[in-house]
Amino acid sequence: MTRDAVVLGPWPGSRTGTSVAVHSLEDARDRDLVRRVARGDEDAFRDLFRRYGPMAKALALRVVRQAFMAEEIVQEAFLALWRTPGSYREERGTVRNWLFSTVHHRAVDMVRREEALRRRTEHRGPGEAADVAEAVVDEADLRDRRTRVRAALERIPPEQRQVLELMYYEGKTQAAIAADLTLPLGTVKSRTLLGMRRLRSLLSEVEP
Amino acid sequence: MNGPTRPHEVVEELLAADVLHGLDGGDRDALGRALAEHGPDCAECVRLRAEYGEVAAALAVALDPVPLSAGAEERLLQAVREEPGRGPAPAPGEDRKPAVLALRRRRGVGRWLGGVAVAASVVLLAGIFGLGYLAGSDGRGDAAALAAFVARSGVEIVAFPSRDGERLAVAYRPGESTGWLVGSAVADPPAERVYELWARPAGSERMEPAGTFRPEDGTVLEEVDVGADFDLLAVTVESGFRQQPTTAPIYVVEAA
């Protein structure tokens, strides 16, 4: 039995030796790439960067609103992956989840630390391109996933979607959102939880 | 009448916001306490974090990807190759100067010289670095500025550990931010790279950028900003000016 045997789904007696639910071949491939990165495999690292770099930049750019800073954040996040690949824990979710969480965390930290970086622009929804200079080579599975996520977002109540977008895309805390929208903090917390539950449910319906 | 709160209701509410990085300090503490109560091996806590984490990642996927700037991939890979002990071996025939010239991170290896008299400091710098023009010639503007700097009392000198004939030191005055980086026989950094000097403010854990430099025929003469009170100096090889070091230091000297 090879160490890198791939198991689809939470299979009893998993060959991987740990209770890890592998959601898709894409996830399995990403985990394998991280294992190779841990062994110093530059090609594997390059693969991950090419696959997730543009999306990571989109996320960072959406939060910090400056292309240069967004790219710095992405570079630092990937460099952190290279330095400490062991900080990714398979039982905590997908590589994609971990990468985007790292990028998002750095972006939000920067925004909250340096308020001057935030421009007062009109609020953008996830369907609008932030700053596309040229077409990005976009893999089909990610395009499909993007379509499904956007469709799911449209199906959650607008007041819940608004809270989630302000928190994730604007880097605001729940307290800041409550102040901005003149809502009780408890209402914001409730909308956050309900919105996330609803989105989680919708996404699990549409995942292949 | 409402029943008792289910054990993971509080955790779920906090985690759902935490994966969006939307918690304030008080709630982050509350989440930490709640997770600690359940313990690190609580399967339900792990499941909730993983599932909500995927929802957060989906919000990232919803955005249109943005192309990275030209050369971004190569810059990242170059930074990776310069990481000590983690990068792959250079390709056969690759002409690459080693980035690590010397790394001795021990107290006292560098020379931390305090309170050197004016004349002595000038002589010391000139002697260490073979910079004859420091001795009062009408040489370059930088040399004249350095000479004027060391002419005032209170100059102190920190010399980095020397190796292979390279010499590098910082002349500074306690309480003043501006200092001078002086060097001789310093090798060029790798192509498209610069050296960057770092100063760690006394009592801080964070390194602050003090200036980038490239030797001219081995000579270094640069005005730098080391801050008014530092306890460690270091030099790294970088792709350009950075706010934080991205590579391991090639020179380090720490106050005894």
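At a 10 Å Cβ-Cβ cut-off, how would you order A:S24, A:S204, fewest neighbours first?
On the way: A:S24 15, A:S204 12.
Ordered by Cβ neighbours within 10 Å, fewest first: A:S204, A:S24.
In which sequence would B:S69, B:S184 go, from the one with the fewest C-beta neighbours within 10 Å to the one with the most?
Numbers: B:S69 13, B:S184 21.
Going from sparsest to densest Cβ surroundings: B:S69, B:S184.
Values quoted throughout were computed directly from the atomic coordinates according to the rules given, and no laboratory measurement underlies them. What you are looking at is a predicted structure, and each value in this text was computed from that prediction instead of being measured. Because the Cβ atoms are built from the backbone with ideal geometry, glycine has one as well, and the counts that use them run over all protein chains shown.
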